[in-house]
Amino acid sequence: MEFVPAPAIHRVLCADCGTPIVPNSANLCVACLRNTVDVTEGIPKQASISFCRNCERFLSPPTSWVLIKPESSELLAICLKKLKGLNKVRLTEAHFIWTEPHSKRLRVSLTVQKEVLTNTILEQTFEIEYLVQHGQCSDCARLAAKNTWKALVQVRQKVPHKRTFLFLEQLILKHAAQKDTISVKEVRDGLDFFYSQRSHALKMVEFLAGVVPVRSKASEQLLSADTHSNTANFKYTYSVEIAPICKDDLVCIPSKQARSFSNISPLTICIRVGSSVQLLDPSTLQACDIPSTIYWRTPFDTLASVTDLVEFTVLDIEIDRRAPTKGKYVLAEAQVALAGAFKSSTKGGPKDDDVFMDYDAVGETTQIFHTMTHLGAILQPGDTAMGYHLTNANFNSPDFSSLPSNRIPDIILVKKAYPNRRKKNRPRNWRLRSIAKEAGEDGETSGARGVVGRLGGRDQRKVEEDYELFLRDIEEDPELRETINLYKAPSSDVKMASATNEPGGKVWRRNKKGGQYGMDVDEGPVVPAQQQQQASSLPAAEVEEDEADFPDVQLDELLENFDDLTLGHDDEEGEM
């Protein structure tokens, strides 16, 4: 095979240093070409970037503030936008160089290419240093100033308890509806949400209309006007009223409206409150769904709330096989008696300690009541149920007074109770979050629990009792737990609550940063002192086992990322 030599490579000397190089249009080597031409000319080697320390957001030119992580691709894009002259070169690579977190510096390495001469492309790598300047975003500036808000949402509900707003607080946190709120202030019958933009307030009003039955009214106040440019500055206020009907309330529908709702019985109980109100007749399982628009045309109030519930003991229950079922509700006939009916009496003398029951007594604690209930599939003989005692009830309602006596039952059972579990006051292995951005006029975060119950004073004990009832509803209602977020409690906190003999005590943990997205931590509920005293005074022989069908909160229902949102374990602690 004949050898074919490779073509000769012609080389020339560099015009500056004399190094042999491949011929090019400049007749210069790479080193001399870089010394002669600078492709980074016109690109600043130092720049600044704005950072808000309160909400930990960076300024994205020109006016928007975004919450991004350090050394992320989003932050790198903001840094590149700050450079002028970058459009004259071709960017091939960009990345962060590590710096100390407290140095207030960001270093970025860039690799660019540019055609310097004919058919000659030069690539160069250089660094740019960014100075992190601490500033204040417009939202935090409004938060620090007094009475500088653009829109206000006033949420009200005329009921004697706070459980609706406790549930509403959890819904707001689950759907992150509080992220645009400047501050939250508690008032007598509700909450006030302050916003820097009108669109944020409208978004909150739409959110409330989707989760609770409300009616809203808007108003505006003129602050200033410019006749030359035909512009004006307004403050907007939205009044949102929640229907005064809550779950498990006793409702008497006006007769005319009851006929329009499929001729349902006027005496019903509320089984669910969402964007509409669902009522159920416990004696027939007939239900009706009342949208908020129809309810507010002719609103009606409740006869009694859960605070008026009486404890009953189920003696016997017989399911009606002929009646249709409705979901988990099954119609049944129950025999119940007041919980105090099983106390011993000395009717036959001091030696007669047998339990005395009177089947014919009227209006006495020893009377046995017969009633129809929708809890046929839930209650068993020997269980404890909560219900309304209507035998001697006196309601200030013309609709209830107009009902015939044969249509008013003696007892209306509402839900099953678990008294044995409540006597032990066990610590809960789960927690709830609370909005920590409670603000009065100065917009500072309070050290109390969440936005509900910060007014204090004589109603503070009532608020804590409402909170305990709300936590019990969460434990006993799996359907309610699906609508909110529950978080795992550290095992050390649960052991501490057990060891200190205060399983129901509430410990609040406060975020140190107190930023815009700060959260207060609900360590546990507060049990009334009377219940704690009764539980401690029980002898060991009278302690009963827990109910077998108690709906415990399962581990798969709890979320893990609680501590990430509360900024660690070393926060301040205090007891309420």
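Assorted remarks:
- Residues in region 67-95 that a label on residue 37 would reach, taking backbone N under 20 Å of a point 7 Å out along Cα→Cβ: 85-93
- Protein heavy-atom accessible surface, 1.4 Å probe, per residue over region 277-328: 55 Å².
- Taking 0.36 nm per residue of sequence separation and removing the Cα-Cα distance, the residue 56/residue 326 pair yields an extension gain of 92.1 nm.
- Once the chain from residue 380 to residue 293 is taken as fully extended at 0.36 nm per residue, the excess over their C-alpha distance is 27.4 nm.
- Label-point separation in nm, residue 6 to residue 113, each point 7 Å along Cα→Cβ: 2.5
- Cross-link table 185/247; 217/326; 174/247; 150/488; 174/328; 69/114, entries beyond 30 Å C-alpha to C-alpha: 217/326; 150/488; 69/114
- Gyration tensor (alpha-carbon) shape descriptor, region 25-95, a/c threshold 1.5: prolate
- Computed extension gain for residue 48 through residue 407, at 0.36 nm per residue and net of the alpha carbon distance, reaches 121.5 nm.
- Dipole of region 3-88, positive end: most advanced residue of 12, 83, 59 [Cβ charges, Cα centre]: 59
- Largest first, the residues 98, 65 sort by 1.4 Å accessible area into 98, 65.
- Under 5 Å between amide hydrogens, built in the peptide plane, is the criterion, and for residue 286 it picks out 281 among residues at least 5 positions away or on other chains.
- Amide H contacts for residue 303 (H built 1.01 Å from N in the peptide plane; partners 5 or more residues away or on another chain; cut-off under 5 Å): 250, 251, 252.
- Ordered from largest to smallest accessible area (heavy atoms of protein chains, 1.4 Å probe), the residues 228, 175, 95 come out as 228, 175, 95.
- Taking label points 7 Å from Cα along the Cα-to-Cβ direction, residue 102 and residue 472 give a separation of 5.1 nm.
- Long-range amide H partners of residue 68 with built H, under 5 Å: 58
- With protein chains left intact and a 1.4 Å probe, residues in region 60-217 average 54 Å² of accessible area per residue.
- With contacts taken as Cα pairs under 8 Å and at least 6 residues apart, region 43-82 reaches a relative contact order of 31 percent.
- Taking label positions 7 Å along the Cα-Cβ direction at both residue 215 and residue 198, the computed distance is 2.4 nm, reported to one decimal.
The values are calculated or read from the model by the stated rules, or taken from the named source; none is laboratory data. In this text the structure is predicted, and so the values were computed from the model without any measurement. Note that each Cβ is placed from the backbone with ideal geometry, even for glycine, and that neighbours are counted across all protein chains shown. Keep in mind that these areas ignore ligands, DNA and RNA; they rest on the heavy atoms of the full protein, side chains included. Shrake-Rupley method; radii C 1.70, N 1.55, O 1.52, S 1.80 Å.
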